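Here the structure comes first, spelled out in C-alpha cells, and everything after it is commentary.
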Amino acid sequence: MTKSRITVLATGGTIAGIAGSALRHDYRPGQIDIAQYLSTVEGLGLEAEFTGHQIANIGSEDIGPKVWGPLHSAISLAIADPACDGVIVTHGTDTLEETAFLLDLTLPTDKPVVLVGAMRPADAVGYDGLRNFANAARVAGDGDAAGRGVLVVMGDRVFAARDVRKVRTRSTDAFRGYPRGSIGLVTPSALDWFGAPWRRGEAARFVYSDQLPPVVILYAHAGMDPDLARRIVGKDQRGVVIAGVGEGNLPNAVRNILIERRRDGVAVVRASRVDEGLVDREPEDDANGFIAARALNPQKARILLQLLLAEGVVDPAAMQTTFDGR
Ligand code: SIN
C-alpha cells in the first residue's frame, strides 16, 4: 500500500498540551512542538509520511488574523505541491470551528484539509489526541475527502467546516454538526462517508485577506441595556452580528440603535444565541436592511460577514444571497 504524504501544520491547543500529572485538571495548551509530536505519532505505524511545520504553539483563544495569515499561506503552498496528498492542522478546540470555516471559504477543494484537536492534554489518562490524530491522518489520506470542503475530525466523527460547532466544554464527544450532523465516521482502521463529495475541483469562494474588517458580536439577553449596543457597535465597526434571543430577536430599543447604525453603513446580521435552528429573513429585515444568518452561529456569521466586507460587498440583498447559500 502506498503511504499518503501529509503535511502537518501545528498551531497548539490541548492536543499539544501538558498538565504535568496524569490526574491534574488544569494544564497548559501548546507545550509540545510538532517534531516531538510526530516522533510519538511514528510509533503508531500509520500508513502515512508526515512533514511537520510549527505555525504557532498557543491556546486557540489567542488565534486570529496573526495566525490565520501564515496558516493560510502554508496550507496553500502544501496543496499546490504535487508531493503532498493532504494537510492536517492541529488546533485548540475552543475556536477550531472559526478557523475551519474561514479556511473552508478561502481554500480550493482539490486536496483534503483536516483540522483536529483534543479535549485532554497529552499526559492525561485517556488522552484523545493521538486517536484523533490517527483518524485525521486516515481522512487526510483519503481521495474521497477532497471535494467536501475543510473537514474537522473529533471523537471518531468527521464534520464539514460549515456545520461543526463545539457543544461541550469537557467531554471528548465535544463537537456536533448542524444542520448536517457528522458526514463520516472514522477510526484508525476504517472510514465511512455518508454521501458523495459535493465540491469537487471547486476554487476558493473568497480571496483570503489579512485585512479583515472590524465586526463585533453583540450578545442579547433579558434586561439588556440598549446603551451597550451604542457603546459596542461604534462607528468604527463595519459590521455587527447579533447573537439574538430565539430566532435572532432583539429588544426594540436595541433594534432601533442598530437601524441607526445601519443607516451609517454598518452591516447588521441577525444570528441566534440558541444552539441549533435557523434564523430566517423576516419582512422587517427588508425595511431595516438587516441580514439573516440562517444556519450559521454568530461566530461563523461574523467570519462570513468579514469576508464579504473585505471583498467590497455591502448590499444587504447580495449579502443575504451568500448567507442563504452557506
Ligand atoms: C484551546 O482551544 O486551545 C484549549 C482547549 C482545547 O484545545 O481543547
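The values are calculated or read from the model by the stated rules, or taken from the named source; none is laboratory data. What you see is a predicted model; the values in this text were computed from it and never measured. Cβ coordinates were reconstructed from backbone atoms using ideal geometry, including for glycine residues, and neighbour counts include every protein chain displayed. Ligands, DNA and RNA are stripped out before the accessible areas are found, and what is left, the full protein with its side chains, is counted by its heavy atoms. Shrake-Rupley method; radii C 1.70, N 1.55, O 1.52, S 1.80 Å.
Of all residues in region 10-34, those being more than 15 Å from the ligand (Cβ to nearest atom) and open to solvent by less than 20 Å² (accessible area, probe 1.4 Å) number 1.
Here is a yes/no grid of residues against (1) surrounded by 19 or more Cβ atoms within 10 Å (Cβ to Cβ); (2) modelled with pLDDT under 95; (3) closer than 17 Å to ASN249 by Cβ:
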| site | (1), (2), (3) |
| --- | --- |
| ASN297 | yes, no, yes |
| ARG302 | yes, no, no |
| GLN306 | yes, no, no |
| GLY312 | no, no, no |
| THR321 | no, no, no |
| GLY325 | no, yes, no |
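In the set THR99, THR109, only one residue is in a loop (DSSP other than H, G, I, E, B), over 27 Å from VAL125 (Cβ atoms) and polar (S, T, N, Q); that residue is THR109.
Out of GLU276, GLU247, one residue alone is under 16 Å from ASN297 (Cβ atoms) and touching a residue at least 40 places away in the same chain (Cβ under 8 Å). It is GLU276. Note on region 106-120: residues that are more than 9 Å from the ligand (Cβ to nearest atom) and open to solvent by less than 10 Å² (accessible area, probe 1.4 Å) total 8.
Selection of region 41-64 for residues being in contact with a helix residue (DSSP H, G or I) (Cβ under 7 Å, 6 or more places away or on another chain) and within 16 Å of the ligand (Cβ to nearest atom) yields GLN54, ILE55, ALA56, ASN57, SER60, ILE63. If you go through region 210-224 and keep only what is modelled with pLDDT under 95 and either surrounded by 15 or more Cβ atoms within 10 Å (Cβ to Cβ) or small (Gly, Ala, Ser) (or both), you end up with nothing.
Against the criterion of being modelled with pLDDT of 95 or more and of a type outside the set (A, V, I, L, M, F, W, C), SER60 qualifies. Do any residues in region 84-105 that are in the same structural domain as ALA310 (by TED's automatic domain parsing) and open to solvent by 10 Å² or more (accessible area, probe 1.4 Å) have Cβ atoms under 6 Å from those of residues that are away from the ligand (no atom under 11 Å from the Cβ) and assigned to a helix (DSSP H, G or I), where the two are at least six apart or on different chains, and which pairs are they? From region 84-105, no pairs qualify. Within region 125-150, the set of residues being β-branched (Val, Ile, Thr) and under 17 Å from the mean Cα position of the chain (by Cα) comprises VAL150 only. Summed over region 125-146, residues that are aliphatic (A, V, I, L, M) and open to solvent by 20 Å² or more (accessible area, probe 1.4 Å) total 2.
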